[in-house]
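Structure first, then comments.
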Ligand SMILES: [Zn+2]
């Protein structure tokens, strides 16, 4: 099982090389490398990652925000494909085999426009993943937080069904936000995960999670909440993380869970780990 953080936690003030001991003190063993502004890792940090990996730390990687394989703009898609290929090489160089990416968007936000965008994304992914040696790298299209983003639950399933190298990144907060507060009970969350399991059973065991609570409006995601923080209107922050960890247990899912709680990633991750162990 993996419980970890996305990027260097705001509360950590030391050097990168000492971060992993700081996380270990909290029993955390996961780190999502935030390549959100470009697929780049310094040579020094590469060495640190390789060393920590050899000591059992688990790494995933988040692709840059500007990657947009679902864009209407052809040069953007072409560039995104090249970027993804570089990212895969980078991941291989540090022994990372999970890359999460945002499906993007840009076509009309209609049923037809979204279908077209997903078809285009599937074709793009199948093209570049079959041009290169993927090694053991898996790509994780992530649930989008805003209603206008590509990456509904059905769209993520669709991508994973049709792309050999794609596996689901289920950001439960994004899912809750884009569905305007849908995850109101454990049973509902379980149903959603069961839907994925039924559709892509062979890929389900490699599922990747982002989990934290979120503030949303009528267009979906507004901002990530701090761990334990309420919505601005006073409602309790959702989805419920105890429900989440108990669904993991009930469904026998091997957890790989990354906390993206605002400024409190490590607190959220530790909370979920303890809740899972209970
Ligand atoms: Zn993301």
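No lab work stands behind these numbers, since they all come straight from the coordinates. Keep in mind that what you see is a predicted model, and the values were worked out from it rather than measured. For neighbour counting, all protein chains shown are included, and Cβ atoms are generated from backbone atoms with ideal geometry for every residue, glycine included.
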Relative to the compact-globule estimate 2.2 N^0.38 Å (N residues), the Cα gyration radius of the range 106-211 stands at a ratio of 1.07
In whole angstrom, largest first, the equivalent ellipsoid semi-axes that the Cα gyration tensor gives for the range 150-230 are 24, 13, 12
Length gained, residue 126-residue 46, 0.36 nm per residue minus C-alpha separation, equals 26.0 nm
Checking 140, 31, 66 against a Gaussian network model of the chain (alpha-carbon springs below 10 Å), the top fluctuating residue turns out to be 66
Expected sort for 1, 272, 134, 238 with the fewest Cβ neighbours (10 Å cutoff) up front is 1, 134, 238, 272
Fewest to most Cβ atoms within 10 Å: 244, 101, 57 sort as 57, 244, 101
Expected sort for 253, 132, 67 with the fewest Cβ neighbours (10 Å cutoff) up front is 132, 253, 67
Yeah, the range 210-278 with a ≥ b ≥ c from its alpha-carbon gyration tensor (a/c under 1.5 is rounded, else prolate when a/b outruns b/c, oblate otherwise) is prolate
For residue 108 and residue 16, extending 7 Å from Cα along the Cα-Cβ vector and measuring point to point gives, in nm, a value of 4.5 nm
quick note, the range 2-277, DSSP beta bridge pairs, % antiparallel (nearest 5) is 20 percent
Among 75, 64, 168, the residue with the largest mean-square fluctuation in a Gaussian network model of the chain built from Cα contacts under 10 Å is 75
Between the modelled labels at residue 36 and residue 85 (7 Å from Cα along Cα→Cβ) the distance in nm is 2.8 nm
Here the alpha-carbon Rg of the range 2-277 over 2.2 N^0.38 Å rounds to 0.95
The range 16-92 and the range 219-278 have their Cα centres apart by a whole-number Å value of 22 Å
